[in-house]
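Read through the structure below, which is laid out as structure tokens, and then see the notes.
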Amino acid sequence: MIHHLARLFVASVVCIAGTFCVADDIRAAEKLKLLIVDGQNNHNWKAMTPYMKDVLEETGRFAVDVATSPGSDAPAAAWEKFRPQFSKYDVVLSNYNGQPWPKRVQRDLTEYVEGGGGLVIIHAANNAFPEWPEWNEMIGLGWRGNDFGARVSLNDDGKVIRSAAGEGPGAGHGRQHAYAIVTRDTQHPVMRGLPREWMHAKDELYHGQRGPALNMQILATAYSDESTNGTGTHEPMVWVIPYGKGRVFTTVMGHVNGEEITALRCFGFQTVMNRGCEWAATGKVTLPVPENFPKPNAVSIDE
Ligand code: ZN
């Protein structure tokens, strides 16, 4: 710590005449280490990961590494070498939806989050690993059949409705469209300062997600309209769950089909992802809400 402070002090003195360099040095020293895990997904992970990495790094808050798993046709020997070093990171972002990881990797991640690590789930990452009980607890709700577990939605009065396994729809989505995201927890660090309602760019609107849904705090929802083949109720879009000493942040926004990455280009999605990662890593949010954040009636995307 003494060396760390001394280094900052020296940097400050050396840069005293420069513009912004003191702040930049302090920021660099505070960068959070983030690991994106990918390698299999029914979405275009090869387009998603580099884009999300750029968005995260452009905040100046993260240093991002990527761990890519073997492909679905890889021999068992390739999996033996797959051992992401989760414990070296402040936060792990999953962009993975595919074969079960080897048990030792599952154990590594569970222990990492239990011990205080941050985990961030983007879109179809919550489709993965139905057979991994700790994972299901961490994510709360996943893309599962209606008999898998509870369903959680909100009624028009904002009351949380919990349906039992077997009751109501299982996982699905209607046709893609731009839709309003409604903030439900205005005091949570990730949501503080966001509009009460804002338009998310064209995306899938997940509904009927299922799971143990324990200790789940819903930060934002979207109305799943029957006119778009939705459920006629308010579906959770962003939520958090404590797990051991760690924090898990999920957003089901972020569908990417082929080369079309509209959902990720939404400045609303990006803000929620960036802040979700910072919060999962530290429990706090310092990243500001950008000027170009979407409005209640207008999307705002990175052209
Ligand atoms: Zn999708």
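Any read-out appearing in this document is the output of simple, stated calculations on the displayed coordinates, not a laboratory observation. If you're wondering where the values come from, they're calculated on a predicted model, not measured in any experiment. Here Cβ is always computed from backbone atoms with ideal geometry, including for glycine, and neighbour counts include all displayed protein chains.
Per DSSP H run of n ≥ 4, the term is -39500 (n - 2.57); total these for the chain, divide by its residue number, and report the mean residue ellipticity at 222 nm rounded to 500 deg cm²/dmol.
-7500 deg cm²/dmol
Tell me the label-point distance for the pair residue 284, residue 81, using the 7 Å Cα-to-Cβ offset, in nm and rounded to one decimal.
4.1
Quick one: Karplus J couplings for region 176-189, per residue in order, coefficients 6.51, -1.76, 1.60, θ = phi - 60°, nearest Hz, x for Gly and Pro?
Each residue's phi maps through the Karplus curve to give 5, 6, 6, 8, 7, 9, 10, 6, 10, 10, 6, 9, 5, x Hz.
I'd like to know which of 261, 227, 109 lies farthest towards the positive end of the charge dipole of the chain, counting +1 on Cβ of Lys and Arg and -1 on Cβ of Asp and Glu.
The one lying farthest along the dipole's positive direction is 109.
Would you mind ranking 269, 86 so that the residue whose beta carbon has the fewest other beta carbons within 10 Å leads the list?
Lowest to highest Cβ neighbour count: 86, 269.
List the residues whose amide H sits under 5 Å from the amide H of residue 93, counting only those 5 or more places along or on another chain, with H placed 1.01 Å from N in the peptide plane.
35, 36, 37, 120
Once phi is turned into θ = phi - 60°, what whole-Hz ³J(HN,Hα) does the Karplus curve with 6.51, -1.76 and 1.60 give for every residue of region 145-155, x standing for Gly and Pro?
Values, residue by residue: x, 5, 8, 6, x, 5, 10, 10, 9, 10, 8 Hz.
Where the only charges are on Cβ atoms (+1 Lys, Arg; -1 Asp, Glu), what is the dipole of the chain about its Cα centre, to the nearest 20 debye?
660
Could you give me the ³J(HN,Hα) list for region 194-202, computed from phi with Karplus coefficients 6.51, -1.76, 1.60 and θ = phi - 60°, whole Hz, x at Gly and Pro?
Values per residue, Gly and Pro as x: 7, x, 4, 9, 8, 8, 8, 5, 2 Hz.
Where nothing but the Cβ of Lys and Arg (+1) and of Asp and Glu (-1) is charged, how large is the charge dipole of region 101-249 around its Cα centre, in debye to the nearest 20?
300
Between residue 46 and residue 303, with labels modelled 7 Å along Cα→Cβ, what's the label distance in nm to one decimal, could you check?
Between residue 46 and residue 303, the label points sit 3.0 nm apart.
State to the nearest 20 debye the size of the charge dipole of region 64-112 about its Cα centre, where the only charges are +1 on K and R beta carbons and -1 on D and E beta carbons.
For this selection, approximately 160 debye.
Between region 153-168 and region 173-227, what's the alpha-carbon centroid distance in Å?
Each part's Cα centre sits 14 Å from the other's.
Starting from the Cα-Cα distance between residue 259 and residue 104, subtract it from 0.36 nm times their residue separation and give me the gain in nm to one decimal.
Length gained between residue 259 and residue 104: 52.4 nm.
Roughly what would the spin-label model give for residue 131 and residue 65, points 7 Å off Cα along C-beta, in nm?
Between residue 131 and residue 65, the label points sit 2.9 nm apart.
Amide H to amide H, which residues 5 or more places from residue 253 or on other chains are under 5 Å from it, using H placed in the peptide plane?
Those lying under 5 Å, H to H, from residue 253 are 123.
Once the mean 1/r over all distinct Cα pairs of the chain is inverted, what Kirkwood radius in angstroms do you read off?
This gives a value of 19.9 Å.
Looking at the chain, how many pairs of lysines come closer than 24 Å at the Cα, when each pair is eight or more places apart or spans two chains?
Step by step, the pairs that qualify in the chain add up to 24.
Using amide H atoms built in the peptide plane, which far-off residues or other-chain residues are under 5 Å from residue 200 H to H?
The answer is 179, 180, 181.
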